Amino acid sequence: MTEGKTVPTGTTDPVDPADTTTVSSSRQSGIGRRGLLGAAGAGLLGGAALGYGGARVADGRAGGGAAAGDRLARAYELRGEHQEGITTPAQDCLFTGAFDVTTDDLEDLRRLMADWCAASAQMMAGELVGGEPLANPQAVPTDTGEAWGYPPSSLTITVGVGPTLFRTEDGADRFGLAARATGVLSEGTPKFANEAIQAEQSGGDLIVQACADDAQVAVHAIRSLARIGSGTVALRWTQVGQGRTSSTSTHQETPRNLFGFKDGTLNVKAEDGPAELDTHLWVQGDDEGGDWLAGGTYLVIRKIRMRLESWDRLRLIEQEQITGRDKRYGAPLSVADPASEGAEFTAPDYAAAGERGPAIPVDSHIAVVAPENNGGHRMLRRGYNYTEGSDGLGQLRAGLFFQAFVRDPRAGFYPILDRMTRSDALTEYLQHVATGLFAILPGVGPGDVMFGQKLLGAPGSGPLPGGAGASDAGGASDGGAAG
């Protein structure tokens with residue numbers, strides 16, 4: 001990864017406008033790649049060092065429509081009220097890893113989260129992990145090297161915790177966290193119709209999502225964090241996303257899934273405004289678990305294999321009626337002229353009549369999952385296409401790695417998924433094969449030295465006092481996610 005221009009401390013000279021390299025605020029304060037990662041990252045992860053409260057990204061957040069060179073040069077900051085990689089304009093590539101914690105020592109877990117925090121800050125800034133990786137030829141390089149010379153590529157690293165970190169499946173409370181588990185985490189993900197969940201590709205104590213506009217930069221991030229965590233965590237599963245299927249910004253064109261349709265047009269976008277995001281996305285301070293999770297959210301993952309060979313034999317009119325949208329332009333079937341400007345974003349009219357009944361069939365995908373048909377609930381999606389070779393029948397192992405970020409999945413996601421798996425015409429061509437539920441931690445605060453400091457306590461702070469600060473100090477047990 002590249003070092004970029006550093007503005008010396010105290011200078012007000014502007015960066016050369018001809019230089020397209022993004023300059024993060026860590027570079028503006030004179031901190032280069034050689035100084036950021038300490039033994040636990042504590043000293044250099046103070047708020048001033050990483051510019052908390054300053055510009056979150058040096059070239060703004062207009063993201064989706066930016067030229068490829070701009071997106072590759074862009075560097076996001078680690079710190080803030082919320083983690084990047086959620087409302088951030090969805091990047092083209094994803095590499096996600098889930099980890100099992102292999103230690104029962106809380107202090108080991110804290111050190112891991114501090115080391116991950118420091119390394120993530122470096123990688124998101126386009127810097128090498130641990131400074132100069134080849135300073136000592138007798139030592140293992142501190143950076144694996146496959147992203148040397150690469151720009152930051154809009155990399156975001158997003159970290160969350162799973163239900164089994166609080167209490168294992170056999171009931172063990174390894175870290176004194178059981179009393180702090182929210183109802184969402186304690187209850188877990190319900191079972192749904194027509195699923196065939198593979199346990200080895202599901203769950204995990206920790207989740208790390210790396211998104212970037214270069215696939216190798218995203219893979220490097222997960223590989224580096226797995227290497228740092230050796231002896232404390234073990235990879236449980238990973239997932240490559242080859243291309244996004246969702247937009248998180250109104251500046252982005254809606255991409256297509258492997259069925260060839262634009263999907264998720266009306267889901268939550270970053271520009272919807274604070275009130276809408278607070279209602280549907282961000283956990284609030286008076287929600288259950290708000291003492292440690294406010295500013296975070298919940299992530300529900302569904303790996304969905306798509307039966308492409310069967311779908312590809314359907315007539316166009318069948319594909320469109322199953323989906324509820326025009327295949328070429330993405331407009332709802334209730335729109336008279338799907339090629340007209342803005343037709344894709346026209347609100348579907350579910351009462352509009354077609355030639356043989358409703359213009360949008362009641363069992364079409366958009367009708368089944370529409371907010372107006374689900375109590376007004378909405379979610380933020382960051383889905384990605386995946387392809388993993390073929391099976392013994394010569395059929396592609398391919399589909400959708402679906403990620404829903406939502407304030408309370410019990411209100412804002414599970415009921416929608418239940419309706420979809422039972423009554424959506426699209427379900428005939430889908431098979432849910434893996435699942436995951438995680439609490440995505442709030443952003444790294446100005447005085448924090450690690451991910452999840454409000455939950456785990458800082459390194460060296462001793463045992464958690466009997467689950468002190470348990471979630472009943474928050475608010476309503478329903479998560480406060482009224483639609």
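The values are calculated or read from the model by the stated rules, or taken from the named source; none is laboratory data. As the structure is a prediction and not an experimental result, all values here were calculated from the model. Cβ coordinates were reconstructed from backbone atoms using ideal geometry, including for glycine residues, and neighbour counts include every protein chain displayed.
Tell me whether the range 298-305 contains one or more residues that are at pLDDT 95 or above and assigned to a loop (DSSP other than H, G, I, E, B).
So the first thing to find is which residues in the range 298-305 are at pLDDT 95 or above, and the list is 298-305.
Filter once more, keeping what is assigned to a loop (DSSP other than H, G, I, E, B): none.
No, the range 298-305 has no match at all.
Yes or no: the range 272-287 includes at least one residue that is small (Gly, Ala, Ser) and without any contact (Cβ under 8 Å) to a residue 24 or more places away in the chain. Checked against the condition, which is being small (Gly, Ala, Ser) and without any contact (Cβ under 8 Å) to a residue 24 or more places away in the chain, the range 272-287 yields at least one hit. Screening the candidates THR158, THR168 for the property of being buried (at least 23 other Cβ atoms within 10 Å of the Cβ) and either closer than 29 Å to ALA73 by Cα or at pLDDT below 95 (or both) yields one hit, THR158.
Return yes when GLY203 is in contact with a helix residue (DSSP H, G or I) (Cβ under 8 Å, 6 or more places away or on another chain), touching a residue at least 60 places away in the same chain (Cβ under 8 Å), over 25 Å from GLN239 (Cα atoms) and in a loop (DSSP other than H, G, I, E, B) and no when it is not. Considered against the rule, which asks whether it is in contact with a helix residue (DSSP H, G or I) (Cβ under 8 Å, 6 or more places away or on another chain), touching a residue at least 60 places away in the same chain (Cβ under 8 Å), over 25 Å from GLN239 (Cα atoms) and in a loop (DSSP other than H, G, I, E, B), GLY203 comes out as no.
SER153: buried (at least 24 other Cβ atoms within 10 Å of the Cβ), among the polar types (S, T, N, Q), out of contact with any Ser or Thr (no Cβ under 8 Å at 6 or more places or on another chain) and on the phi < 0 side of the Ramachandran plot, yes or no? It would help to see each step written out before you state the result.
Working: buried (at least 24 other Cβ atoms within 10 Å of the Cβ): yes; among the polar types (S, T, N, Q): yes; out of contact with any Ser or Thr (no Cβ under 8 Å at 6 or more places or on another chain): yes; on the phi < 0 side of the Ramachandran plot: no.
Considered against the rule, which asks whether it is buried (at least 24 other Cβ atoms within 10 Å of the Cβ), among the polar types (S, T, N, Q), out of contact with any Ser or Thr (no Cβ under 8 Å at 6 or more places or on another chain) and on the phi < 0 side of the Ramachandran plot, SER153 comes out as no.
Within the range 162-171, is there a residue that is more than 21 Å from LEU299 (Cβ to Cβ) and part of a loop (DSSP other than H, G, I, E, B)?
So the first thing to find is which residues in the range 162-171 are more than 21 Å from LEU299 (Cβ to Cβ), and the list is 170-171.
Next, only the ones that are part of a loop (DSSP other than H, G, I, E, B) stay: 170-171.
Checking the range 162-171: at least one residue is more than 21 Å from LEU299 (Cβ to Cβ) and part of a loop (DSSP other than H, G, I, E, B).
Look at ILE301 and say whether it is of a type in the set (Val, Ile, Thr) and more than 30 Å from GLY357 (Cβ to Cβ). Considered against the rule, which asks whether it is of a type in the set (Val, Ile, Thr) and more than 30 Å from GLY357 (Cβ to Cβ), ILE301 comes out as yes. The set of residues from the range 67-88 being of a type in the set (Gly, Ala, Ser) and either surrounded by fewer than 23 Cβ atoms within 10 Å (Cβ to Cβ) or closer than 16 Å to VAL268 by Cβ (or both) comprises ALA67, ALA68, GLY69, GLY80, GLY85.
Taking helices (runs of 4 or more DSSP H) that fall entirely within the range 364-457, which contain at least 2 residues that are touching a residue at least 12 places away in the same chain (Cβ under 8 Å) and surrounded by fewer than 17 Cβ atoms within 10 Å (Cβ to Cβ)? Explain how you work it out, then say what you get.
Numbers: elements: 365-369, 409-412, 414-423, 453-456.
Correct list: 414-423.
Every listed requirement among (1) part of a loop (DSSP other than H, G, I, E, B); (2) within 30 Å of VAL335 (Cα to Cα); (3) of a type outside the set (Ser, Thr, Tyr) is met by GLU318 save one, (1).
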